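Working notes, structure below.
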Amino acid sequence: MFKDKIAVVTGGANGIGKCICQEFEKAGAKVCVIDIAENPYFVGDAGDKETLRRFVEKVIGDYGHVDYLINNAKPGMKGIFECSYEEFEQALQVGVTGPFYLTKLLLPHFAPGAAVVNISSSRDLMSQANTESYTAAKGGIAALTHAMAVSLGGKVRVNAIAPGWIDTQHTQYQGPDALQHPAGRVGNPKDIAHLALFLCSEKAGFITGENICVDGGMTKLMIYHDDKGWKLEP
C-alpha cells in the first residue's frame, strides 16, 4: 500500500515517532525524519523556522515530493509555577507553530492523495497539574487540525490522533493501572502507529478534520474512590 511513498515524520527518533517510522518502512515507504536526537536522516529542531526550511530543501532535493506528513515532535512539559516565558513559547513552537509551518512549506510538494496526521493528546480535554506548556500545545494542534482540514480541502486530508497513556518502554501493567482502561491494558506505540498508517491510506479517504482519541477508553471511565483498585489519598 505504501511502496515507494514518501513519509515525513517529526520527532521520529524515539518512542511513538520511531514506531511510526518503522511501520511505514515495513509497508514499503521511504521515511524522512527530523529530530533533535540522533537519527540517520536529519538532526534538527522541529520548532525552528530556518531548520525546517533546510529540512524541506533536503527532503524535496532527495525525493521531489511528499505523500504523508506526521507531526509528532514532542513539546516540553512544564507547569505554571516553574515554566518560563521562553520555555512556554518553545513548547508552542514545537507543538503548534512548527507543524503549521512545516505543512505550509510542503504545500507545493504534496502528491495527489496526500495526508497530514498530527499527534495531539487526550490532554487536549483533560489535565494533570503542572503540565500547562504541553497541554496548551496539544490543545493548539487539535484546533489547528480541523482548521487546516478545511483550508486544504480537496488537496490534503488532515487528521489528528490523541493518544492516552502510551507506554514506550513495553512495561506490563497490572491491577489499577490496567483496569482504569476499559480495554484492559495500557497502550503501546503500535496502537498509535497503526492508526497513523490507516489515516494516511486510501481506506481513510473520506476522513478529514478528525481528532481521534486512542486511549483504551480511559477518558470515558469515571473512577471514584475505591473503584478499580484506586483509592483517594488526599
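Somewhere in segment 119-126, is a residue part of a helix (DSSP H, G or I), at pLDDT below 95, within 19 Å of the chain's Cα centre (by Cα) and not small (G, A, S)? Yes; the residues of segment 119-126 include at least one that is part of a helix (DSSP H, G or I), at pLDDT below 95, within 19 Å of the chain's Cα centre (by Cα) and not small (G, A, S). The residues of segment 177-205 that are of a type outside the set (V, I, T), touching a strand residue (DSSP E or B) at 6+ places or on another chain (Cβ under 9 Å) and assigned to a loop (DSSP other than H, G, I, E, B), listed by number, are H181, N188, S201, G205.
No other residue among D48, D35 is of a type in the set (D, E, K, R) and under 25 Å from P189 (Cβ atoms) apart from D35.
Quick grid of which residues meet (1) under 18 Å from I166 (Cα atoms); (2) surrounded by fewer than 18 Cβ atoms within 10 Å (Cβ to Cβ); (3) of a type in the set (A, V, I, L, M):
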site: N72; (1), (2), (3): yes, no, no
site: G79; (1), (2), (3): no, yes, no
site: T97; (1), (2), (3): no, no, no
site: A115; (1), (2), (3): no, no, yes
site: I119; (1), (2), (3): yes, no, yes
site: M126; (1), (2), (3): yes, yes, yes
site: G140; (1), (2), (3): no, no, no
site: A149; (1), (2), (3): no, no, yes
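The residues of segment 95-118 that are in a helix (DSSP H, G or I), over 18 Å from the mean Cα position of the chain (by Cα) and aliphatic (A, V, I, L, M), listed by number, are L105, L107.
Taking every residue in segment 119-133 that is farther than 20 Å from P99 by Cα and pairing it with any residue that is of a type in the set (A, V, I, L, M) and assigned to a loop (DSSP other than H, G, I, E, B), at least 6 positions away or on another chain, the pairs with Cβ-Cβ distances below 7 Å are T131/M77. Restricting segment 41-61 to residues that are under 20 Å from the mean Cα position of the chain (by Cα) and over 18 Å from A13 (Cβ atoms), the residue that is surrounded by the fewest Cβ atoms within 10 Å (Cβ to Cβ) is K49.
Would you confirm whether or not segment 52-60 contains a residue that is in a loop (DSSP other than H, G, I, E, B) and at pLDDT 95 or above?
no
Residue pairs whose Cβ atoms lie under 6 Å apart, separated by 6 or more positions or on different chains, with the first residue in segment 140-154 and in contact (Cβ under 8 Å) with a residue 60 or more places away in the chain and the second of a type in the set (A, V, I, L, M) and surrounded by 12 or more Cβ atoms within 10 Å (Cβ to Cβ), are I141/V96; A142/A160; T145/V158; T145/A160; A149/V158. Restricting to segment 139-158, count the residues that are in contact with a strand residue (DSSP E or B) (Cβ under 6 Å, 6 or more places away or on another chain), within 10 Å of S120 (Cα to Cα) and not aliphatic (A, V, I, L, M). Total meeting the criteria: 1.
The values are calculated or read from the model by the stated rules, or taken from the named source; none is laboratory data. Worth saying up front: this structure is predicted, and the values here are computed from it rather than measured. Reconstructed Cβ throughout: ideal geometry from the backbone, glycine too, with neighbour counts over all protein chains shown.
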